[in-house]
Amino acid sequence: MKSSNCISVVTRVSHKIYRNHYSTNTNLTTWFNKYVDKTNVSSWNAIIVELARSGDSLESLRAFSSMRKLSLTPTRTTFPCAIKSCSALLDLHSGKQTHQQALIFGYEQDLFVSSALIDMYSKCGELNDARKLFDEISQRNIVSWTSMITGYVQNNNAREAILLFKEFLIEESASQNSDNVFIDSVAMVSVLSACSRLTDKSVTEGVHGFVIKRGFDNDVAVGNILIDAYAKFGDVGVSRKVFDAMVVKDTISWNSIIAVCAQNGLATEALDVFKEMVMDYDVKYNAVTMSAVLLAVSHLGVLRVGKCVHDQVLEFLSH
């Protein structure tokens, strides 16, 4: 069996055992002694990865700590997961400790590790440390750039995010033979999030043009953030055009345009879109949808609400 397949099997089996046994308050060390070869780094990596992936960040970090107490050597797989767990917990102290260990084992220049560290420092509000790390990376990839741009957005520094995006475009242009630095839809979502926080609509329009030129306008997440960006400038018409042009729409797309219409006094249009969502496209609505619908209803008055919308509102309120 190939090593990667073996690790995959260990991951699935370990996670099943963890759910069956550790969730009943069994001590983590005892559990490992009983079910897993605690001298096997791959076994530790598997459970650290699986716990982090399933959202058990604290247990993932504890597993990493237990692994280190056994003097086992972490790998390039171990560190990103441990660092991401620190990010999820906003645990700067543990994040710095993990960073120091990554330095000791020579992984700071690993792109997965460095990008995770940038994200961790950004989420913990340490933008200077994040930028210092970013600037020290000798060969950045799109994940590195996106992590830093997102860090600026998360810390309400949209202007720096846009400036960094411009730097990225220069580097991308100079590195046309490298797939590592070509922009992707994840990066575009971060850039557009920054645009929506600026007061200059022309920046959003410029980035929107770039989105169309690069073919990202067919990406659902990009379309959703564009709807929101134009709505924040009060340009409901362009938000609606973006929505109508989307080839694929998800619940967030529908929720966004319904909310945009409702918040801008276009109650009838909001309810028409809701009816289209439910009756024509059979899209499942949620609490966010109904919040926007109820806002539209409050503007019109119940007597003017169509039967379809009225029934859906009553059904929602009855739960």
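The values are calculated or read from the model by the stated rules, or taken from the named source; none is laboratory data. Keep in mind the model is a prediction, meaning the values are calculated, not measured. Cβ atoms come from the backbone with ideal geometry, glycine included; neighbour counts cover every protein chain shown.
Below, the figures for the structure above:
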| quantity | calculated |
| --- | --- |
| Helices (runs of 4 or more DSSP H) (entirely within the range 173-240) containing at least 3 residues that are touching a residue at least 40 places away in the same chain (Cβ under 8 Å) | 185-195 |
| Hey, Ser147 polar (S, T, N, Q), touching a residue at least 24 places away in the same chain (Cβ under 8 Å) and crowded, with 16+ Cβ neighbours inside 10 Å or not | yes |
| Residue within the range 103-121 that is of a type in the set (S, T, N, Q), over 25 Å from Val191 (Cβ atoms) and either part of a helix (DSSP H, G or I) or over 21 Å from the mean Cα position of the chain (by Cα) (or both) present | yes |
| Odd one out for Ile137 among (1) more than 20 Å from the chain's Cα centre (by Cα); (2) surrounded by fewer than 16 Cβ atoms within 10 Å (Cβ to Cβ); (3) touching a residue at least 24 places away in the same chain (Cβ under 8 Å) | (2) |
| Sole exception among (1) at pLDDT 90 or above; (2) more than 28 Å from Gly125 (Cβ to Cβ) for Leu58, by number | (2) |
| Residue identified as at pLDDT below 95, outside the structural domain of Phe216 (by TED's automatic domain parsing) and either assigned to a helix (DSSP H, G or I) or in contact with a Gly (Cβ under 9 Å, 6 or more places away or on another chain) (or both) among Arg76, Arg131, Arg68 | Arg68 |
| Sole residue being buried (at least 20 other Cβ atoms within 10 Å of the Cβ), at negative phi and of a type in the set (Lys, Arg), chosen from Lys69, Lys84 | Lys84 |
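Here's the yes/no breakdown for (1) in contact with a Cys (Cβ under 7 Å, 6 or more places away or on another chain); (2) modelled with pLDDT under 95; (3) farther than 14 Å from Ser291 by Cα; (4) assigned by TED's automatic domain parsing to the domain that holds Leu300:
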site: Asp219; (1), (2), (3), (4): no, no, yes, no
site: Gly223; (1), (2), (3), (4): no, no, yes, no
site: Asp228; (1), (2), (3), (4): no, no, yes, no
site: Ala231; (1), (2), (3), (4): no, no, yes, no
site: Asp235; (1), (2), (3), (4): no, no, yes, no
site: Ser239; (1), (2), (3), (4): no, no, yes, no
site: Ser256; (1), (2), (3), (4): no, no, no, yes
site: Val260; (1), (2), (3), (4): no, no, no, yes
site: Met279; (1), (2), (3), (4): yes, yes, yes, yes
